[in-house]
Amino acid sequence: MTKYFGETQFDESAVLRFPAGLPGFEEEKRFLALEQPEQRPLVFLQSLNTPELCFVAVPVFAVDPGYRLEMSEADRTLAGFQANEEIRIGANAACLAILTIDESGVTANLLGPVVVNLSSNLAVQAVAPEMRYSHRTPLAGSALGGRGTEPCC
Amino acid sequence: MRRRAGESIRIGDDIEIQVIEVTPTRVTLGIVAPREIPVVRSEVRLTREQNRAAAEPPGMDSLTLLARALRLR
């Protein structure tokens, strides 16, 4: 059961496994990444444990085309990357920024992106070892107003 | 309080903060604490609070509008 899409069929191989959960949601270890043509580029991270828990995310490059991923050793290990494995977004990894949408606007957490190891579907919310990015990066563009704001288009 | 590498600080009876290495740009700390006291970097705490806020997204109509605005960028 999902928050937005009712009953959804899925294959076990599609499940993203977060061995450590997410900060604040440590018990939530299994998610689906759902996409719909109408809502692209949004990615819905639906908890399989809690139907009403669904994060809304976007690929980090949709927020910052020059984004550079930095992961701690601990997070690399949690996501099942080999010690010397190069992590390339779009190749062996997906990297999503969770959005916060409230009255003041839309922000993306680029400090702690969700990194998925595409060869194992192990995932981690990788809070960067250095604070180069903000956990509340505003989405640029006046059309991206707060909840209920009509985009001008 | 001033400490050098190899020295430590005690907080109460159960918590010890060890200064392991000091370089011009970073300090390596070791922290000994009881299991029930979580030790996390401040950034992890920021992300935890942000996740709580993000866990209540708006309805699908708002999200469809947001997605459309993102595609037009």
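The values are calculated or read from the model by the stated rules, or taken from the named source; none is laboratory data. The structure displayed is predicted, hence computed values, not measured ones. Neighbour counts are summed over all protein chains in view; Cβ atoms, including those assigned to glycine, are modelled from backbone coordinates with ideal geometry.
Listed values, structure above:
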read-out	value
Checking B:Pro57 against (1) touching a strand residue (DSSP E or B) at 6+ places or on another chain (Cβ under 6 Å); (2) more than 7 Å from every other protein chain (Cβ to nearest Cβ); (3) surrounded by 12 or more Cβ atoms within 10 Å (Cβ to Cβ), the condition it does not meet	(2)
Output for the range A:25-69, where each listed residue is within 13 Å of the chain's Cα centre (by Cα), part of a loop (DSSP other than H, G, I, E, B) and crowded, with 18+ Cβ neighbours inside 10 Å	A:Leu42
Residue, surrounded by the most Cβ atoms within 10 Å (Cβ to Cβ), within the range A:106-130, restricted to residues that are out of contact with any Ser or Thr (no Cβ under 9 Å at 6 or more places or on another chain) and within 11 Å of another protein chain (Cβ to nearest Cβ)	A:Pro113
Test result for B:Val44, under 23 Å from A:Tyr133 (Cβ atoms), loosely packed, with under 14 Cβ neighbours inside 10 Å and within 17 Å of the chain's Cα centre (by Cα)	no
Odd one out for B:Ile37, checked against (1) loosely packed, with under 14 Cβ neighbours inside 10 Å; (2) at pLDDT below 95; (3) closer than 21 Å to A:Leu110 by Cα	(3)
Every residue from the range A:1-42 that is closer than 21 Å to A:Gln125 by Cα, of a type in the set (Lys, Arg) and free of Cβ contacts under 8 Å to residues at least 24 places away in the same chain	A:Lys29, A:Arg30
Selected residue [at pLDDT below 95, more than 22 Å from B:Ala54 (Cα to Cα) and surrounded by fewer than 15 Cβ atoms within 10 Å (Cβ to Cβ)] from A:Glu73, A:Glu103	A:Glu73
Single match in A:Val43, A:Val56 (criterion: β-branched (Val, Ile, Thr) and more than 27 Å from A:Thr77 (Cβ to Cβ))	A:Val56
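One line per residue, one yes/no per condition, for (1) free of Cβ contacts under 8 Å to residues at least 60 places away in the same chain; (2) away from every other protein chain (no Cβ under 14 Å); (3) under 20 Å from A:His135 (Cα atoms); (4) not in a loop (DSSP other than H, G, I, E, B):
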residue: B:Met1; (1), (2), (3), (4): yes, yes, no, no
residue: B:Ile17; (1), (2), (3), (4): yes, yes, no, yes
residue: B:Ile20; (1), (2), (3), (4): yes, yes, no, yes
residue: B:Ile37; (1), (2), (3), (4): yes, yes, no, no
residue: B:Val40; (1), (2), (3), (4): yes, no, yes, no
residue: B:Glu49; (1), (2), (3), (4): yes, no, yes, yes
